[in-house]
Amino acid sequence: MSNAVLIQNPSSAYKDEPGVRYHFPKRYLRRLEACVGDWVIFYEGKTGALGYVAVQKLRDITPDPDDPGHFYANLERDTLWQFEQVVPRNSPMGLAFEHALRGQDGRAMTGGHAVSAVRSISFGEFSDIVQAGLQPLDGPNALPRDADPPALVAPGFADAPQPFEYPGLSDLRQKVLMSRDARDRSFARMVKAAYDGRCAISGLDLRNGFGRAEVQAAHIRPVKHAGPDVVQNGLALSATLH
């Protein structure tokens, strides 16, 4: 079992199907074979978000029937989880999350290993990136509509988001990444924020007494049919329309 970072840009010369399978040349085969059954992180370069953007579980690897020099890393569709925060290569302390990318000053280098499409990482590095990516969005649209109101509401809205915390490195895979409850809360924050708290069908922007959006986040492709937890698979809907 192992973890890796995979570069996947919105436009690519490879035959990628984001969320479904990752196309790669044979030179990366051993690195990805080590990740089968485990999790990988996706990174977008300058043509994308310029940071780590999502995590997903790798199911298996199959050859490309049309090109013997390439393979497909087939992904478990329902495990795709978009990060709430795009994570830059350097941590807030100015150190590259991936130790192999650190220059003499600790910051991420450009070129060399940094442009390798598949980079193996330790579980500690993987955990640090995931923790940074799943820090909750803030702002009124991302707040839960039914949270207990604070005793005093400052102008602009209620409670600050609680930091993302996981129960320990050994529990991250099962207790966090496979937690439906944690995924649903994260998905709801991202979708409601993306739609500015407004219902996608009716156009209504309903708020409760504490400024929280009343819309709900709905999966377009349902979870029971392997629907991923990404904004593109979500709609903000009023409770009635949901």
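The values are calculated or read from the model by the stated rules, or taken from the named source; none is laboratory data. A quick note: this is a predicted structure, and the numbers were derived from the prediction, not measured. Note: ideal-geometry Cβ built from the backbone for every residue, glycine included; neighbour counts use all protein chains shown.
Quick notes on this structure:
- Filtering 71, 24 for residues that are more than 22 Å from the chain's Cα centre (by Cα) and either touching a residue at least 12 places away in the same chain (Cβ under 8 Å) or part of a strand (DSSP E or B) (or both) leaves a single hit, 71.
- Pairs linking a residue in segment 95-121 that is touching a residue at least 40 places away in the same chain (Cβ under 8 Å) to a residue that is surrounded by fewer than 17 Cβ atoms within 10 Å (Cβ to Cβ) and among the small types (Gly, Ala, Ser), with Cβ atoms under 6 Å and 6 or more positions apart or on different chains, are 97/91.
- Test set (1) under 26 Å from residue 227 (Cβ atoms); (2) of a type in the set (D, E, K, R); (3) at pLDDT below 95 - residue 46 fails condition number: (1)
- All positions within segment 217-238 that are in contact (Cβ under 8 Å) with a residue 40 or more places away in the chain and either among the β-branched types (Val, Ile, Thr) or farther than 21 Å from residue 176 by Cα (or both): 223, 230, 231, 235, 236
- Looking only at residues of segment 178-229 that are among the aliphatic types (A, V, I, L, M) and out of contact with any helix residue (DSSP H, G or I) (no Cβ under 7 Å at 6 or more places or on another chain), we find that the one that is surrounded by the most Cβ atoms within 10 Å (Cβ to Cβ) is 188.
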